[in-house]
1. Could you grab me the full set of residues in segment 41-65 that are part of a loop (DSSP other than H, G, I, E, B), buried (at least 16 other Cβ atoms within 10 Å of the Cβ) and either free of Cβ contacts under 8 Å to residues at least 40 places away in the same chain or not small (Gly, Ala, Ser) (or both)?
2. Starting from segment 113-132, keep only residues that are free of Cβ contacts under 8 Å to residues at least 24 places away in the same chain and more than 20 Å from Leu102 (Cβ to Cβ), then list their pairs with residues that are hydrophobic (A, V, I, L, M, F, W, C) and in a helix (DSSP H, G or I) whose Cβ atoms are within a distance under 8 Å, requiring at least 6 positions of separation or different chains.
3. Which of the residues that make up segment 109-140 are more than 20 Å from Ala25 (Cα to Cα) and of a type in the set (Asp, Glu)?
4. Hey, among Pro75, Pro70, which residue is modelled with pLDDT under 90 and either over 19 Å from Val140 (Cβ atoms) or not acidic (Asp, Glu) (or both)?
5. Only residues that are part of a helix (DSSP H, G or I), closer than 16 Å to Val91 by Cα and within 15 Å of the chain's Cα centre (by Cα): list them for segment 112-150, please.
6. State the number of residues belonging to segment 95-109 that are surrounded by fewer than 14 Cβ atoms within 10 Å (Cβ to Cβ) and either of a type in the set (Val, Ile, Thr) or modelled with pLDDT of 95 or more (or both).
7. I'd like to check something: does segment 67-85 contain any residue that is surrounded by 13 or more Cβ atoms within 10 Å (Cβ to Cβ), in contact (Cβ under 8 Å) with a residue 12 or more places away in the chain, of a type in the set (Gly, Ala, Ser) and not in a loop (DSSP other than H, G, I, E, B)?
8. Can you tell me how many residues in segment 122-153 are more than 16 Å from Thr111 (Cβ to Cβ) and of a type in the set (A, V, I, L, M, F, W, C)?
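The values are calculated or read from the model by the stated rules, or taken from the named source; none is laboratory data. These numbers were taken from a predicted model, which means no experiment stands behind them. Because the Cβ atoms are built from the backbone with ideal geometry, glycine has one as well, and the counts that use them run over all protein chains shown.
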Amino acid sequence: MLVLREIDGKLPPTMLVTKEALRIALIEDDPNDVFFIDRALRQGGFTNPLIHFKDGREAVDYFKPLGSAPSSRLPDIVLTDIKMPRIDGIVFLRWLRGQPNLKNLPVIVLTSSVLPSDKDQARRLGVFKFVTKEASCDNVVSALELFLASLNKDSGSSKP
């Protein structure tokens, strides 16, 4: 299924975004976490290949040319860790929110950090959800299902 976008970022009425069609970018430096998150997403029905970046620097390099014009290369949502080398998740979020065509891109923060300051900074930067990593990764799938439901609700569809 194709995912169409209008200028304001909303889907046309009756367009349903499916788990299989959701384009997900993952910014994560730990290869074990990438493996477990990818596996959990696939088991949860999110089968579209992940767009993976090892840190915020790689993500900025990818998104930078897309920040000046709408692009079909944009993911529907970004999952990012906070604690990473070179550019961490908070710095990436600040950069993203400063880009005219990227500032409204939904972001879920996935982190092992339990620092209240990390959670506060992420919320101030407008993240969709702040999720603490757990061994099962079920909370990642649940957060994406919640995002998908809200996206489909905004498009006028009543299907989850």
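1. Phe46, Asn48, Leu50, Lys54, Asp55 - these are the residues of segment 41-65 that are part of a loop (DSSP other than H, G, I, E, B), buried (at least 16 other Cβ atoms within 10 Å of the Cβ) and either free of Cβ contacts under 8 Å to residues at least 40 places away in the same chain or not small (Gly, Ala, Ser) (or both).
2. Filtered contacts from segment 113-132: Val131/Val140; Val131/Ala143.
3. Asp118, Asp120
4. The unique qualifying residue is Pro70.
5. Ala122, Arg123
6. So the count comes out to 0.
7. no
8. The total comes to 6.
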